[in-house]
Amino acid sequence: MLKHIGRDINEILIFRALQLGDLLCAIPAIRALKNAHRQSRIVLIGLPWAADFADRFSRYFSGFISFPGFPGLIEQPYSASDFTNFISSLRQRKADLFIQMHGNGAISNDISVMSRASRLAGYYIKGGHRPDRELYMPYPEEVSEVRRHLKLMEFLGVPGAGEYLEFPVSDAEQERYRQLSHDYGLVSGSYVCIHPGARDLRRRWDAVKFAAVADMIAARGYRIVLTGAESEREAVRKVSEGMRCPAVDLSGKTGLGELALLIRNARLLYANDTGVSHIAAAMGTPSIIVFLISDPARWAPADGELHRVILPGESENVEHALCMVDEMLSQGMRKTGSE
């Protein structure tokens, strides 16, 4: 039972209008919430792309509402008319609970209040807006993203249901992956995925360095599979052209499900700090993740043995990266399941 609220909670709105990695890191908290309130409808308020995410996690989410943006929130362009319609639709729902999981609340708590849900919960910062004195907790700064949201659930009286990540795939995605692996001759465990893209250009490690790492891995007898979204094809092309060894370029050729299965069956993922890092954690695939601007304590996968990080101060040292790759490939590490 949620703290100070009662048993009859028909609809819970979750506000988290962010990107793939952000949403994956919130799934352990959502899982705990759903386990505690199996009869409640949990509806995700997210960026337009996340409609597919809510469908993928339909075991937890019963619906989706597209967020039209708000001044000060950079993830989505703001439209005053669309926002007015959005708030109007929220008020008509008369939700029992609105949980703000979109950052520290400095801006997003205003949206919580506008929803006019029966109860509001989430985070606030010291000296900032605290819409409800019972159901808002101070924003936890020095914890991982996964544990931050689990702390909120604990604060609300929701028992934990594990810290592990998930990434379900459909039968259709499995079939497309089987066809893809057949077409390119990809055998499970015989290839390494290199993911040189990232939405934020500041997170992208240099293509020359990626190429050097890829060539070293190829010299160890592994095929190189370059992955990326359609928008990242140029980054992948630069890596491919910088390599001495041939690579399989699958940029723009996979959906998220096929990409997740590619990673699941890879020997290793080498990538920037972006959403694929959390897919590797969900799939139990060893990974090495390059951090350039973000905090590994917040965003690195929890299992420090299965998932290694290259810190911002180490990123210029390609030899360090090569040694780390060599060590992980030499250890013969096996996947141990989801974190």
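Take the residues of the range 198-215 that are part of a helix (DSSP H, G or I) and over 13 Å from Gly242 (Cβ atoms): which is most open to solvent (accessible area, probe 1.4 Å)?
Arg202
For the range 17-26, which residues satisfy the criterion of being open to solvent by less than 40 Å² (accessible area, probe 1.4 Å) and assigned to a loop (DSSP other than H, G, I, E, B)?
Ala17, Leu18
Which of the residues that make up the range 234-247 are within 10 Å of Gly197 (Cα to Cα) and surrounded by fewer than 16 Cβ atoms within 10 Å (Cβ to Cβ)?
Residue satisfying the conditions is Glu234 alone.
Confirm whether Ala219 is open to solvent by less than 50 Å² (accessible area, probe 1.4 Å) and hydrophobic (A, V, I, L, M, F, W, C).
no
Among the residues of the range 38-47, is there at least one that is under 20 Å from the mean Cα position of the chain (by Cα) and open to solvent by 40 Å² or more (accessible area, probe 1.4 Å)?
Within the range 38-47, none of the residues are under 20 Å from the mean Cα position of the chain (by Cα) and open to solvent by 40 Å² or more (accessible area, probe 1.4 Å).
Which of the residues belonging to the range 142-181 are part of a helix (DSSP H, G or I) and exposed (fewer than 15 other Cβ atoms within 10 Å of the Cβ)?
Asp171, Ala172, Gln174, Glu175, Arg178, Gln179
Among (1) in contact with a helix residue (DSSP H, G or I) (Cβ under 9 Å, 6 or more places away or on another chain); (2) surrounded by fewer than 21 Cβ atoms within 10 Å (Cβ to Cβ), which single condition is Val290 missing?
(2)
Out of the strands (runs of 3 or more DSSP E) lying entirely within the range 226-339, which hold 2 or more residues that are without any contact (Cβ under 8 Å) to a residue 40 or more places away in the chain?
Output list reads 287-290, 307-310.
For His195, which of the numbered conditions (1) modelled with pLDDT of 95 or more; (2) under 30 Å from Gly252 (Cα atoms); (3) surrounded by fewer than 16 Cβ atoms within 10 Å (Cβ to Cβ) fails to hold?
So the condition that His195 fails would be (3).
Which of the residues belonging to the range 259-290 are basic (Lys, Arg) and either at pLDDT below 95 or over 17 Å from Gln174 (Cα atoms) (or both)?
Arg267
For the range 115-132, what are the residues that are in contact with a helix residue (DSSP H, G or I) (Cβ under 6 Å, 6 or more places away or on another chain), open to solvent by 50 Å² or more (accessible area, probe 1.4 Å) and farther than 16 Å from Gly72 by Cα? Reasoning before the result, please.
The first filter runs over the range 115-132 and keeps only residues in contact with a helix residue (DSSP H, G or I) (Cβ under 6 Å, 6 or more places away or on another chain), leaving 115-116, 120, 129, 131.
Narrowing the set further to residues that are open to solvent by 50 Å² or more (accessible area, probe 1.4 Å) leaves 116, 129.
The one that is in contact with a helix residue (DSSP H, G or I) (Cβ under 6 Å, 6 or more places away or on another chain), open to solvent by 50 Å² or more (accessible area, probe 1.4 Å) and farther than 16 Å from Gly72 by Cα: Arg116.
Inspect the range 248-262 for any residue being in contact with a helix residue (DSSP H, G or I) (Cβ under 7 Å, 6 or more places away or on another chain), surrounded by fewer than 19 Cβ atoms within 10 Å (Cβ to Cβ) and within 30 Å of Val146 (Cβ to Cβ) and give the result as yes or no.
yes
Which condition breaks for Asp96 when tested against (1) closer than 12 Å to Ile12 by Cα; (2) open to solvent by less than 60 Å² (accessible area, probe 1.4 Å); (3) out of contact with any strand residue (DSSP E or B) (no Cβ under 7 Å at 6 or more places or on another chain)?
In the conditions (1) closer than 12 Å to Ile12 by Cα; (2) open to solvent by less than 60 Å² (accessible area, probe 1.4 Å); (3) out of contact with any strand residue (DSSP E or B) (no Cβ under 7 Å at 6 or more places or on another chain), Asp96 misses (3) alone.
Which one is most open to solvent (accessible area, probe 1.4 Å), of the residues in the range 99-112 that are among the aliphatic types (A, V, I, L, M) and in contact with a strand residue (DSSP E or B) (Cβ under 7 Å, 6 or more places away or on another chain)?
Filtering the range 99-112 for residues that are among the aliphatic types (A, V, I, L, M) and in contact with a strand residue (DSSP E or B) (Cβ under 7 Å, 6 or more places away or on another chain), the one most open to solvent (accessible area, probe 1.4 Å) comes out as Ile107.
Answer yes if at least one residue in the range 270-287 is among the hydrophobic types (A, V, I, L, M, F, W, C) and more than 16 Å from the chain's Cα centre (by Cα), and no otherwise.
no
Can you tell me which residue within the range 182-192, out of those that are open to solvent by 20 Å² or more (accessible area, probe 1.4 Å) and touching a residue at least 60 places away in the same chain (Cβ under 8 Å), is farthest from Arg267 (Cα to Cα)?
Here the residue is Tyr184.
The values are calculated or read from the model by the stated rules, or taken from the named source; none is laboratory data. What you are looking at is a predicted structure, and each value in this text was computed from that prediction instead of being measured. Ideal geometry is used to build each Cβ from the backbone, glycine not excepted, and the neighbour counts take in all protein chains shown. SASA here: full protein model, heavy atoms, side chains in, ligands and nucleic acids out. Shrake-Rupley method; radii C 1.70, N 1.55, O 1.52, S 1.80 Å.
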